[in-house]
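The values are calculated or read from the model by the stated rules, or taken from the named source; none is laboratory data. Source: prediction; values computed, not measured. Every residue, glycine among them, receives a Cβ derived from its backbone with ideal geometry; neighbour counts consider all protein chains shown. The area values use the complete protein model at the heavy-atom level, side chains included, leaving out ligands, DNA and RNA. Shrake-Rupley method; radii C 1.70, N 1.55, O 1.52, S 1.80 Å.
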Amino acid sequence: MIADPNAQPHDGGRAPRPAAERGPTVLRIALGGQLRKLRESCNITREAAGDAIRGSHAKISRLELGRTGFKERDIRDLLTLYGVTDPAEREAFLDLARRANEPGWWHRYSDLLPQWFGTYLGLEQAASKIRTYEAHLVPGLLQTPDYARAVLALGSDNADTDRRVAVRRRRQDILRRTDPPIVWAVIDEAALHRPVGGSRVHLEQIEHLIEYSDLPNVTVQVLPYSAGEHAAAGSSFSILRFAEAELPDVVYLEHLTSALYLERSQDLALYRSVMDRLSVQAMAPDKSREWLKDFATRL
């Protein structure tokens, strides 16, 4: 029977996270992964599967990676090809596909957001752990509205800025939901010295970091100048992990006009190693909090 990502094994009474909090992206990834396992267990190539749904091997690849929505006809044809004939099992797949096709909250802002960033929002919404290194700015999940406005105003008009700030504030809701992700942020000292938005906004942002570093699910570390050279070499990135064993970690690298999503085992190993080394080079969380408090008094 298909495994529903919203269902979790009994573990001392812990309730599963509601689907509304998880968003459709994780459902697409999980469903795509299970379709891939079915195809591989039948020794069917992507090309043959693509032919069965009047598509290409590239379309099968996108479906199996959860990069696109699912057409019910395609799911039915693939299940038939893979020998899934039990009506209840077929309906379970189809029900999951319907839920995976439901739009996330960010779709109302689709006129503002490039598709590659919409994908990231879905992954961020579904992640159970987010590790991030920021070389130039405070991470988006930890920005104040005024700091975010100052950053976003550089690339959009005033009307767009208001809505872009609203997106960023909505993203931050995950930090205080009933089952929030663990967020571990390493921030370069250079980013903290940059007075984005002016002195008042700068001070409020530092105080905001101090406040959020007290949350049980948020860890903030400052990478000081005194650490010298480090493995990230100025390249900001995030690593997202999911509670479901079948969902691989994802490394997210954002550029001005695009983003990269890395899932290959060798890439994941490299970035995990870099993040681990950054965490060692950075000040410990308690010392980072003291550094931030002292820094705030000098602003």
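Please report the relative contact order for the chain, taking Cα pairs under 8 Å with a sequence separation of at least 6, and give it as a percent rounded to a whole number.
17
What's the magnitude of the charge dipole for the chain around its Cα centre, counting Lys and Arg as +1 and Asp and Glu as -1 at the beta-carbon? Answer in Debye, nearest 20.
360
Do any trypsin sites (Lys or Arg not before Pro) in the range 34-124 lie in a DSSP loop with no more than 12 other beta carbon atoms within 10 Å, and if so, which?
Answer by residue number: R54.
Reachable lysines from K59, Cα under 19 Å, same-chain residues fewer than 8 places away excluded?
K37, K71
Out of L141, L154, L247, any idea which swings most in a Gaussian network model of the chain, alpha carbons joined below 10 Å?
L154
With all protein chains present, calculate the accessible area of E102 using a 1.4 Å probe and round the result to the nearest 10 Å².
Accessible surface of E102 is approximately 110 Å².
Could you pull the accessible area for S258 with a 1.4 Å probe, rounded to 10 Å²?
Approximately 50 Å² for this residue.
Per the 1.4 Å probe, what fraction of the accessible area of the chain, in percent, lies on carbon and sulfur atoms? Please report the intermediate quantities before stating the final value.
Numbers: 7690 of 14630 Å².
Answer for the chain is 53 percent, counting heavy atoms of protein chains only.
Mind jotting down the distance between the C-alpha centroids of the range 86-112 and the range 37-51, whole Å?
Measuring centre to centre over Cα atoms gives 22 Å.
With every protein chain present, what accessible area does S128 have (1.4 Å probe, heavy atoms only), rounded to the nearest 10 Å²?
Counting only protein heavy atoms, S128 exposes about 30 Å² to solvent.
Quick one, which of [x] 6, 25, 31, 22, 11, 5, 1; [y] 7, 28, 36, 21, 8, 1, 0; [z] 6, 31, 39, 22, 2 is the actual P(r) over Cα pairs in 10 Å bins from 0, in percent calculated for this model?
[x]
For K287, go through the aspartates and glutamates and keep the ones whose alpha-carbon is under 18 Å away, minus same-chain ones fewer than eight residues off.
By straight Cα distance, K287 reaches D188, E189, E207, E211, D214, D276.
So what's the back-of-envelope 222 nm ellipticity for the chain, counting only DSSP H runs of four-plus at -39500 (n - 2.57) apiece and dividing by all residues, rounded to 500?
Rounded to the nearest 500, the figure is -14500 deg cm²/dmol.
So which trypsin sites (Lys or Arg not before Pro) in the range 246-299 end up in coil per DSSP with only 12 or fewer other C-beta atoms within 10 Å?
Filter output for the range 246-299: R264, R298.
Rolling a 1.4 Å sphere over the protein heavy atoms, what is the accessible area per residue of the range 209-254, to the nearest Å²?
42
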